[in-house]
Amino acid sequence: MNTPSAIVRTLRALCLLALLILPAAAIAQSDEQPSATPNEQLAELLENESTRQALIEQLRRTADESPAVAEAAQADGPSLPQRIAGLTQSIAERTVADANAALLALNDARTRLAGDGAMRFMTQLAIFAAFAASVLVVFWLLGRIAQGLYARLDRRAHADDPAFALMRRGGAIVAAIGVHLATVVLAWLAGYAIALFVLGDDGGMRRQESLFLNAFLIVEGVRVLIGTLLSNRHANLRLVPADSEEAAYWSAWASRMTWFLGYGLMLVVPAAAAFIAPEVGRILAILVMVLAWLKATVIVMQNRARVRAALDRLASRMHSGFARVALSMGGRVWHVFAVTYLAALIIIAVFYREEALGFMLSATMRTVIAILAGIVISALLTAIILRRIRLPEETRARFPLLEDRLNAYVPGALKLTRFAILAIVLAFILDAWTSFDLGVWAASDAGMTTLGKIVTVAIIITLALAAWLLAASWIEYRLNPDANGAEATPRVRTLLTIFRNAVAITLIVLTTMVVLAEIGVNIAPLIAGAGVLGLAIGFGAQKLVQDVITGVFIQLEGAINVGDLVTAGGTTGTVEKLTIRSLGMRDLSGVYHLLPFSSVDTVSNFMRGFGYHVGEYGVAYREDTDVVIEHLKAAFEELRQDPEHSPNILGDLEVHGVTALADSSVNVRVRIKAVAGTQFGVGRAYNRLVKRHFDAAGIEIPFPHMTLYFGEDKQGKAPPANLRLLDGREDAPGDPA
């Protein structure tokens, strides 16, 4: 229903009625010959030739001017001040007329109640009071009987096991609502029985009893809703998260307002309109609504700080920044909106009751129901979604990160769910207050297309997340030593990391493209643009492309793994980082080198399969090489007895023999096969043992000597060397110093 358009139509009708009535009234007042009827005057005009011709010409001119006048009036229309003046005038006139009619009706009723009428009225009033009291007493007794059931349901709603808390509490709340409704229906049926079989004549029911029972059913039905939301005695049956004091306060005021408005508008007002006069009923309705509005406004202003503090506390518990800001701002201005709404409600209720009150009350009720349903559904889904996902022990052993990954999706899923609930609630509110019809829109082509796209996009995103979860879990399974029975090699870890990144990028790109295409975006230009951009990047970043391609093939061939000791690009060091584009390694001095794969022509890896320690040992020419070889073998056997290096030795000592007769030494070469990466440690330990064995056997390892030349005399003899000792002691030539 469109309220503004209804008001405009009403004003137009009142203006048209005034235009029709006022000229006729003026003509009637100016006429001084009441004996001449309109028919006689018309006959006299038609009998006279001149007047008849003038009348015909006047009618023709009027016919010609009427369309233009109508169009001008329709184009111009009354101005805004004129419309406001007409509106206020009609409201004032109607109010005065109702008040006068109500006073006359009251005087008439007082006249009728004089004498025996007063006694009959008091008798009927006493009978009605006894009837109402009997219904309320029955309802009170049924409520007292139901208190035990409420207490049991309250204890049942308090579950120690959190896994069943939501189910037990929901069932208890539903059962409590059923018990409360049962007491209302039973008391209502008892009232009908009393009205029909005790007070009624021939099975009939009087109007006042019928009005009371209808008001009782609706008022108590609303109070059932209030009790469900704000149960002040049973905390576990309360839907609104508030303490008992707050719940008791708001429950009491809501119940009082429900009683006052319900019985006032549904019992007192209809009874006054039926038994006294309709104008009295309208005056009483206005009085009831004005009093209710005043009390509601006072309650709002008295509790503005209280509600703000409650909203601030609720905002502090929110995880979403938007929810915190919205609740905090709402706490500061909620009373302004509440008072404004109450003022609009009372104005419409008083002046446009027939036109807009029903619409506003219906829209308000639908809004409240939509908001409460959204809060309840959101709370239930939050309680379900926030429960941590638990996987079986065997699954957790195979996929250690799967449970954390699944639970990481929970906050995002909860936010999307709350956003969807908020959108649905806003749609219902728009449907209630505006000309937007949610049902018609959902059944239309545009609505079905929009909803279909939303569902399709949700399915696409869900499938993409499921694909990513499957790929990530498989990679995790391959890297898990407990599941495979062995630690993954560095090459496998590197390849799987690259594969995970590639899957993530592919899923993101494909999902984005499909979602854009589904919502109606033409992705052909995007694909073409991406192709052109790829070519531009390919030409402008050839080095980068070369890095990536070389890195891919190096990884596929297993040339380098993290932790390997390699020589690449002229640098030797341990690989610490390996990406699809570059290689990061640290040399013996601790310097970190970052090498793009385009600069790597040759890779020397010391960590593949096995390694050799190649030792070439020089001895003096006077030494027997066979003896030297025997001592090299003895040193190797001693090395084999070392528990630290023995597991790393893979074979016997390989003796290559004499490899060179150098300038100052005879070189003998041996080779030791060791586990890859340990050949350097094995070689150092072997060198230490070789030195010890050569020293013990007196085998000389040549080293550089210095010869001092003192010159010759003419006979070719060297002159004696004069030695001066620093401590003043002179020794004979040839004595050791």
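The values are calculated or read from the model by the stated rules, or taken from the named source; none is laboratory data. These numbers were taken from a predicted model, which means no experiment stands behind them. All Cβ positions, even for glycine, are placed from backbone atoms using ideal geometry, and neighbour counts span all protein chains on display.
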Residues of the range 581-628 satisfying the condition of being closer than 30 Å to residue 666 by Cα and without any contact (Cβ under 8 Å) to a residue 12 or more places away in the chain: 624, 626
Search result, residues across the range 258-312 that are of a type in the set (D, E, K, R) and either buried (at least 18 other Cβ atoms within 10 Å of the Cβ) or over 24 Å from residue 224 (Cα atoms) (or both): 279, 282, 304, 306, 308, 312
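To keep it simple, each residue is scored yes or no on (1) within 40 Å of the chain's Cα centre (by Cα); (2) part of a helix (DSSP H, G or I); (3) under 23 Å from residue 509 (Cα atoms).
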residue	(1), (2), (3)
528	yes, yes, yes
531	yes, yes, yes
534	yes, yes, yes
537	yes, yes, yes
549	no, yes, yes
554	no, yes, no
559	no, no, no
Close pairs from the range 496-519: first farther than 18 Å from residue 473 by Cβ and among the small types (Gly, Ala, Ser), partner modelled with pLDDT under 85 and surrounded by 14 or more Cβ atoms within 10 Å (Cβ to Cβ), Cβ under 6 Å, at least 6 apart: 517/523
Subset of the range 626-642 (residues that are loosely packed, with under 14 Cβ neighbours inside 10 Å and touching a Ser or Thr at 6+ places or on another chain (Cβ under 8 Å)): 640
The lone exception for residue 601 - which of (1) assigned to a loop (DSSP other than H, G, I, E, B); (2) surrounded by 15 or more Cβ atoms within 10 Å (Cβ to Cβ) it fails: (2)
Enumeration of residues in the range 425-463 that are out of contact with any Gly (no Cβ under 7 Å at 6 or more places or on another chain), part of a helix (DSSP H, G or I), more than 19 Å from residue 511 (Cβ to Cβ) and among the β-branched types (Val, Ile, Thr): 429, 440, 449, 450
Only one of 617, 621 that is assigned by TED's automatic domain parsing to the domain that holds residue 693, assigned to a strand (DSSP E or B) and of a type in the set (Phe, Trp, Tyr): 617
Qualifying residues in the range 604-625 (those that are loosely packed, with under 15 Cβ neighbours inside 10 Å and among the β-branched types (Val, Ile, Thr)) - the one nearest to residue 570 (Cα to Cα): 614
Within the range 643-670, considering residues that are hydroxyl-bearing (Ser, Thr, Tyr) and not in a helix (DSSP H, G or I), the one surrounded by the most Cβ atoms within 10 Å (Cβ to Cβ): 665
Boolean, residue 224 is modelled with pLDDT of 80 or more and either of a type outside the set (Ser, Thr, Tyr) or within 22 Å of residue 381 (Cα to Cα) (or both): yes
Unique residue being within 17 Å of residue 551 (Cα to Cα) and in contact with a strand residue (DSSP E or B) (Cβ under 9 Å, 6 or more places away or on another chain) when the list is 653, 661, 578: 578
Residue in the range 195-216 that is nearest to the chain's Cα centre (by Cα), counting only those that are surrounded by fewer than 18 Cβ atoms within 10 Å (Cβ to Cβ) and in a helix (DSSP H, G or I): 214
Search result, residues across the range 671-713 that are of a type in the set (Ser, Thr, Tyr) and not in a helix (DSSP H, G or I): 678, 707, 709
Where residue 469 falls short, out of the listed (1) in contact with a Pro (Cβ under 9 Å, 6 or more places away or on another chain); (2) closer than 24 Å to residue 413 by Cα: (1)
Criterion: modelled with pLDDT of 85 or more, assigned by TED's automatic domain parsing to the domain that holds residue 170 and part of a helix (DSSP H, G or I) - qualifying residue of 291, 267, 284: 291
